[in-house]
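I have placed the structure first, in the form of structure tokens, so that the comments after it can refer back to it.
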Amino acid sequence: MNSYALSVLIAITAAAGILAVVPTYASSFDEEACPDCGSDDIYSKANLARQNDVPLKIWTDQKLYDHESEIVVSGAVANLRGDAPVTVTVYGPQNNLVTVRQVDVSEDNTFETTFTTQGALFKQNGMYTIRAQYGPQEINDKVMVELVGESGEEEGAACNADELALKGGSTVYCVPFESSGAIVTKASVSSATSSIVLMIETESDGSISLKIPRSVLESQSNGGDTDFIVLVDDEEADFEETGSDDESRTIDITFPEGATQVEIIGTWAVPEFGTMAAIILAVAIVSIIAVSARTRLSILPRY
């Protein structure tokens, strides 16, 4: 056999060996890198395998929402950390804390929660940041969504970011406040109990400062101011009155982590039906009396 023929034979043998080894190597890489990936593309599988190494990932069902939507937040973790939950925090357009909750992770390493955009918490248009944290501070991820359109809040009910929307019947009172360690999810005033009730979600021990208008809630006896009574989860709580004038009284209330309700009790609270409704009712009563006097109309039967 001449040298040319021998060279050709060696080249053919080498090519056949390479073709036999490459599929075996590729198959082995596919299975080790991403055994559950459905694609036959070796590069796609390698990319998905790298994603498996991300400790925490979150996403939403959409990027744009209106004020009558539900934001579905989903996510996955690379490794379970016992029964530890994922903490999901939402920040508003001004980087203000909107809401926070803890979400359990299922056995398949995924989690999901839903936020409704209706109500006072999501009343502002703009970009909202949704941040998830799992265990240590460095295990976190975030996603941004945009809220647009008209809010479903009642006309005239919108309060500033540093004001609490306090509902009394159909009326909303904007009360200046500051909060640390918690967010206020609902606030109402009742004349029946002469009190303000705040529903809160806590992140830690914290405090709430309220500048309460005397026209909304008052605590007086014999013409002078008396202390409010403050309850946290129906237990008497520590507080301090830090300011007072003819228009308002300011109090600071402390609460422990896990608290859900704060109640401030006075001696008088604005009626739930509001001042305008009271005026209308008074005018109606006076009108009935006047008509009855002029027409001798009687609401009692005559015998």
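Within the range 100-128, being in contact with a Phe, Trp or Tyr (Cβ under 7 Å, 6 or more places away or on another chain) and under 24 Å from residue 258 (Cβ atoms) holds for 103, 104, 105.
Only residues that are of a type in the set (A, V, I, L, M), out of contact with any Asp or Glu (no Cβ under 8 Å at 6 or more places or on another chain) and part of a strand (DSSP E or B) were counted in the range 214-231, giving 1.
The sole residue among 96, 52, 47 that is at pLDDT below 90 and either closer than 25 Å to residue 162 by Cα or β-branched (Val, Ile, Thr) (or both) is 96.
Residue by residue, here is whether (1) of a type outside the set (Ser, Thr, Tyr); (2) surrounded by fewer than 19 Cβ atoms within 10 Å (Cβ to Cβ); (3) part of a loop (DSSP other than H, G, I, E, B); (4) touching a His at 6+ places or on another chain (Cβ under 7 Å) holds:
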{"position": "174", "(1), (2), (3), (4)": "yes, yes, no, no"}
{"position": "188", "(1), (2), (3), (4)": "no, yes, no, no"}
{"position": "193", "(1), (2), (3), (4)": "no, yes, yes, no"}
{"position": "198", "(1), (2), (3), (4)": "yes, no, no, no"}
{"position": "202", "(1), (2), (3), (4)": "no, yes, no, no"}
{"position": "212", "(1), (2), (3), (4)": "yes, no, no, no"}
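From the list 223, 258, the lone residue that is more than 24 Å from residue 168 (Cα to Cα) and open to solvent by less than 70 Å² (accessible area, probe 1.4 Å) is 258. Taken as a whole, the condition of being at pLDDT below 90, at positive phi and open to solvent by 40 Å² or more (accessible area, probe 1.4 Å) applies to residue 296.
The values are calculated or read from the model by the stated rules, or taken from the named source; none is laboratory data. Predicted model only: the values in this text are computed from it and were never measured. Using ideal geometry, Cβ is built from the backbone for each residue, glycine included, and neighbour counts are taken over all protein chains shown. SASA here: full protein model, heavy atoms, side chains in, ligands and nucleic acids out. Shrake-Rupley method; radii C 1.70, N 1.55, O 1.52, S 1.80 Å.
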